[in-house]
1. Hey, does segment 9-27 have a residue that's loosely packed, with under 13 Cβ neighbours inside 10 Å and either touching a residue at least 24 places away in the same chain (Cβ under 8 Å) or part of a helix (DSSP H, G or I) (or both)?
2. Is it the case that residue 84 is closer than 16 Å to residue 29 by Cα and either surrounded by 14 or more Cβ atoms within 10 Å (Cβ to Cβ) or out of contact with any strand residue (DSSP E or B) (no Cβ under 6 Å at 6 or more places or on another chain) (or both)?
């Protein structure tokens with residue numbers, strides 16, 4: 001990998017915003033990397049392509065903050081941060097530590113034009129964070145205490161499904177989605193394998209990672225999975241995740257993106273500014289967007305997947321990567337509407353088998369650990385094992401669910 005490509009990948013991995021990205025690339029370019037910081041500051045307009053000294057200093061400080069996680073020496077470098085980061089970058093480049101396993105399209109695509117004044121990465125991050133906070137508040141109201149879904153997240157594996165499931169003839173409400181026998185090839189993937197194989201390397205049987213469906217029972221973690229996918233996109237690629245709760249979509253999706261999502265992201269009451277609309281449409285047409293569509297089963301219409309299908313086939317989405325989440329039973333009935341999607345079913349929590357951790361106990365430990373408690377700070381041992389000695393592998397179906405009223 002050449003030096004310029006190395007710098008770009010480092011900037012992306014550290015989540016640099018557009019202005020920070022440009023400053024970082026120019027400051028540590030081969031023609032500037034050995035220059036003293038005082039020389040860069042004094043001649044910033046000449047050496048950094050018309051970047052003013054004050055603007056450079058401001059962006060430089062933010063760059064150091066974002067690189068601290070990878071280069072902890074920056075915390076104690078004082079006035080020598082530029083030299084510290086320079087040495088660290090050279091060391092990482094020599095060691096070949098950068099992950100270059102992403103698809104070629106991701107490595108060679110570029111950020112929006114430097115002339116753009118819109119920080120799209122921060123815009124997408126902030127929009128998703130608003131939805132994440134809403135989800136945290138929903139659970140906090142039920143529990144009566146503050147909670148952060150990231151703190152209780154347990155990375156669950158998924159099952160890659162490669163054929164249409166067959167419905168059993170003896171269906172009854174009592175057995176719910178278990179009535180669908182999966183007469184198909186099932187490929188179990190750990191959370192890490194799913195991320196590397198499907199998200200990073202675009203290795204999926206139907207769509208090459210462009211059309212993915214995450215399905216599962218209520219409470220299986222589908223929403224959290226989509227949040228984590230968005231986090232990974234921002235941290236490890238140049239793409240931009242657009243996270244949408246389908247429960248809020250009451251109009252054609254393309255129309256909703258411009259009239260609602262983009263307007264809110266731009267902080268406007270009436271309509272998104274023209275330059276926002278123009279750049280966003282360019283990002284869509286250039287394939288730089290991932291659409292993360294959460295909760296197809298929550299749209300409040302009879303055939304949500306059938307309604308979405310023709311919309312997702314519009315030309316504007318030809319190059320857009322799409323991940324959609326849906327309840328298992330809804331997908332089994334109407335999932336053929338999106339037959340071009342690769343399907344991944346969320347696995348249940350595992351009890352551990354020597355090689356894998358006890359996910360049930362891990363979740364219980366994290367769920368019942370109050371924020372800022374001594375346990376959360378690591379000052380005491382783990383919560384005692386309150387699970388029965390005999391593993392509970394089958395939980396009775398709640399009465400409401402048996403009657404067909406369960407969510």
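Just so you know, all these numbers are worked out from the coordinates, no wet-lab data involved. It should be emphasised that the depicted structure is a prediction, and the values quoted were computed from it without experimental measurement. All Cβ positions, glycine included, derive from the backbone under ideal geometry; neighbour counts span all protein chains shown.
1. Within segment 9-27, the first condition is being loosely packed, with under 13 Cβ neighbours inside 10 Å, and the residues that meet it are none.
Within segment 9-27, not a single residue is loosely packed, with under 13 Cβ neighbours inside 10 Å and either touching a residue at least 24 places away in the same chain (Cβ under 8 Å) or part of a helix (DSSP H, G or I) (or both).
2. Spelling it out, residue 84 is indeed closer than 16 Å to residue 29 by Cα and either surrounded by 14 or more Cβ atoms within 10 Å (Cβ to Cβ) or out of contact with any strand residue (DSSP E or B) (no Cβ under 6 Å at 6 or more places or on another chain) (or both).
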